[in-house]
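**Student:** To start, I am sharing the structure in question, which I have written as structure tokens.
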Amino acid sequence: MSVARAYLALGSNLGDRLKQMQESMAFLSSGYEVGVLRTSPVYQNRAVGMGLSGAFLNAVAEVETELSPEKLLEACLSVESKLGRVHTVGWTSRTIDLDLLIYGEQSIETECLQLPHPRMTERDFVIKPLMDLAPDLIVSGKSVHEWVAALPQVDLELFASALNDS
């Protein structure tokens, strides 16, 4: 299989949020044939749809892998589990959340996986960090930069200039 470029969204609002995001990338790199090429700045934002839950840290990572999209998703779910994520119905607080946003130019619609991620263009905490990495990337007919410009507001606070900043 050839090497594919993919983008992953990272989020955390429980515990040592930045450390868990860093560890998730380290786990993917060391155990799952995923090379982390670069990461966006880390942003802090409100917990969307979750009442008074703690603020999230969010970032996007650009990765390369020979794993299929389905196997990359499985790797992300495995890393979430290693870092204490418990999947429940609905939106809840979490130690780590890893979402596969884009995998090459593939468009996939299965019960377990939709690519590109169906709601990423509506979420400032996903699309803005993606723009920091790939402003000209085309998603559903528009550049990432155009998607950000179309948002009613971007309400994010810079937390760290990169995932490796402590």
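**Student:** In segment 124-166, what residues are hydrophobic (A, V, I, L, M, F, W, C), outside any helix (DSSP H, G or I) and open to solvent by 20 Å² or more (accessible area, probe 1.4 Å)?
**Tutor:** 137, 138, 151, 154, 156, 158, 159, 162
**Student:** Let me ask you something else. Select from segment 94-115 the residues that are part of a loop (DSSP other than H, G, I, E, B) and under 12 Å from the mean Cα position of the chain (by Cα) and list them in ascending order.
**Tutor:** Residue satisfying the conditions is 96 alone.
**Student:** Let me ask you something else. Suppose we filter segment 93-115 for residues that are under 23 Å from residue 45 (Cα atoms) and at pLDDT below 90; how many remain?
**Tutor:** Summing the residues that are under 23 Å from residue 45 (Cα atoms) and at pLDDT below 90 in segment 93-115 gives 5.
**Student:** Another question, if that's okay. Listed residues 25, 21; which is at pLDDT below 95, under 14 Å from residue 73 (Cα atoms) and either crowded, with 19+ Cβ neighbours inside 10 Å or more than 11 Å from the chain's Cα centre (by Cα) (or both)?
**Tutor:** Unique residue meeting the criteria: 25.
**Student:** What are the residue pairs meeting all of these: first residue in segment 62-82, first residue within 10 Å of residue 34 (Cβ to Cβ), second residue aromatic (Phe, Trp, Tyr) and not in a loop (DSSP other than H, G, I, E, B), Cβ atoms under 9 Å, and 6 or more apart or on different chains?
**Tutor:** Here the result reads 63/7; 65/103; 72/103; 75/27; 79/27, each pair linking segment 62-82 to a residue that is aromatic (Phe, Trp, Tyr) and not in a loop (DSSP other than H, G, I, E, B).
**Student:** OK, next. Let me confirm something: among 121, 65, which residue is under 13 Å from the mean Cα position of the chain (by Cα), at pLDDT 90 or above and closer than 22 Å to residue 5 by Cα?
**Tutor:** After ruling out the rest, the residue left standing is 121.
The values are calculated or read from the model by the stated rules, or taken from the named source; none is laboratory data. Here the structure is a predicted model, which means the values were calculated and not measured. Cβ atoms come from the backbone with ideal geometry, glycine included; neighbour counts cover every protein chain shown. Side chains are part of the model used for accessible areas, which takes the heavy atoms of the whole protein and leaves out ligands, DNA and RNA. Shrake-Rupley method; radii C 1.70, N 1.55, O 1.52, S 1.80 Å.
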